[in-house]
1. Can you give the log10 of the normalised intensity I(q)/I(0) at q = 0.11, 0.14, 0.17 Å⁻¹, computed with Debye over equal Cα scatterers of region 209-338?
2. Need one number: convex hull volume per residue for region 320-394, Cα atoms only, in Å³.
3. Of LEU275, LEU393, how do they rank once you tally other Cβ atoms within 10 Å and put the fewest first?
4. Mind giving me the nanometre distance, one decimal, between the label points for ARG108 and ARG394, set 7 Å out from Cα along Cα→Cβ?
5. Within region 213-234, list the residues whose amide N lies under 17 Å from a label point set 7 Å along Cα→Cβ of ASN55.
6. How large is the Kirkwood hydrodynamic radius of the chain, in angstrom, based on all distinct alpha carbon pairs?
7. Determine the relative contact order of region 168-262: mean sequence separation of Cα pairs under 8 Å and six or more apart, normalised by residue count, in whole percent.
8. Treat the count of other C-beta atoms within 10 Å as a stand-in for reagent exposure and order ASP53, ASP304 from fewest to most.
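Just so you know, all these numbers are worked out from the coordinates, no wet-lab data involved. Not measured: the values here are computed from a predicted model. Cβ atoms come from the backbone with ideal geometry, glycine included; neighbour counts cover every protein chain shown.
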Amino acid sequence: MSRQTTPPIRSPHTYDAIIAGMGCAGLSLAVHLVRSAWAKDKRILLVDRERKDRNDRTWCFWEAGAGPFEDIVHRRWEKAWFHAPGYSGLKELRPYAYKMIRGIDYYRACMDVLEGHSSVEMRYGQIEQVSSTADAASVRIDGTDHHAVFAFNSILFEPPVIGRHELQLLQHFKGWVIETAADAFDTSEATLMDFRPAQQHGTTFVYVMPLTPRRALVEYTLFTPSLLAPGDYDKGLTEYIHSQLGITAYTVAEEEFGVIPMTNHRFPSRKGRVLYIGTAGGQTKPSSGYTFRFIQKHSAHIVDSLLRKGHPFERGGWKSRYDWYDSVLLHILQHRKLEGGFVFRELFRNNPPRRILKFLDDETTLPEEIRLLNSLPQWPFMKAGMWEMIQRLRR
Ligand SMILES: Cc1cc2nc3c(=O)[nH]c(=O)nc-3n(C[C@H](O)[C@H](O)[C@H](O)COP(=O)(O)OP(=O)(O)OC[C@H]3O[C@@H](n4cnc5c(N)ncnc54)[C@H](O)[C@@H]3O)c2cc1C
């Protein structure tokens, strides 16, 4: 008599949710999910190709009051300098504080919440595909498909193809954490933007985040269409440290290099049962490159949608006028209609920082936006505004 084995009956959904990528967006969403009532009796799979055990980046952002990651804020500043040729000002950032979180502290804090949580399973492997049918989302990990009711994808499998009517600049930066033998920094004052370095490559500025009286992060940053030769970043940093900070003797304790695409390309927000998150889901602010706070807001919005609608796809009340403002500023910078240093100088000279920061968070009211726009040269912005309006219709 042959023994027949009956395959176990499997639900088409092994998981309630699979999160592809355990970077900033994937971990943020997972933490928001497990802290919500939605996660009760749910199975969530998190996948990445590598363990997040390196300090691979530092996030800076501004926030009013205490945020969800307040415990791991590494440094915060309530005052910051803005410099450009012909103008320097020390700015009170209230009600905001400019905050810095080290990548490794963020990864550890998220892991502390997620590891051992009854709803969460973690797996390390190469994700080859994230797809959807009408009934299930599928994530292929090392050749095997895993199914879920929903998948959240933070992986950009291919760089986005920028269309003819779209814009893209690269925000590229090299940072050194420098150390001096004697006190050289005032830890209560950061430098948010310093446009005094040469602008021959395009929009170029430096920011300085003092960590202790003898230690600071100095970051040489550009918004240009292409990268520089490696030596040019070192030259920019060395010159700045000598000529603007007046420091000749120092050691470089840490180095960071990064590229953040600044684009008005329309990233997919959803395909079937897959929701795109993080940079892959268009959460990088096109005109500034800031992403961290947008990821936090998006995570909260997804959980809210799951709780109220039973699915994560409810569209936010995102105001499309901010997309248009981003396109106008990108247009001005990419086509060099005005120098970036000049635009930011006019903004900071004529507006309190809280209005500018609120605007960059997409949270201003129309009257506040009109005041900001009035502080800039009208004609180039009007022309760019009309042009970008037409491009939006063509896309
Ligand atoms: C150096 C640097 C500094 C930055 N600083 C700031 C800042 O100060 N403020 C700010 O607001 N924004 C900043 N950003 C922008 C943005 O906040 C970060 O890029 C952020 O990490 C984006 O989160 P994410 O989850 O979309 O992508 P990531 O954090 O990059 O996460 C993607 C994850 O997917 C994994 N992965 C990729 N492909 C696969 C695959 N095929 N299989 C399995 N796993 C895969 C990766 O290992 C990674 O863990 C910075 C970016 C960089 C690069």
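1. -0.59, -0.83, -1.01
2. Values: hull volume 6.3 nm³, N = 75.
Roughly 84 Å³ of hull volume per residue.
3. Values: LEU275 24, LEU393 8.
By the 10 Å Cβ count, ascending: LEU393, LEU275.
4. Roughly 5.1 nm, to one decimal.
5. Only 213-219 fall inside the zone, counting backbone N under 17 Å.
6. On the way: mean 1/r = 0.0439 Å⁻¹.
Evaluated over the chain, this radius sits at 22.8 Å.
7. Working: 194 pairs, mean separation 42.4, N = 95.
With pairs under 8 Å counted, the relative contact order is 45 percent.
8. Values: ASP53 10, ASP304 16.
Result, fewest neighbours first: ASP53, ASP304.
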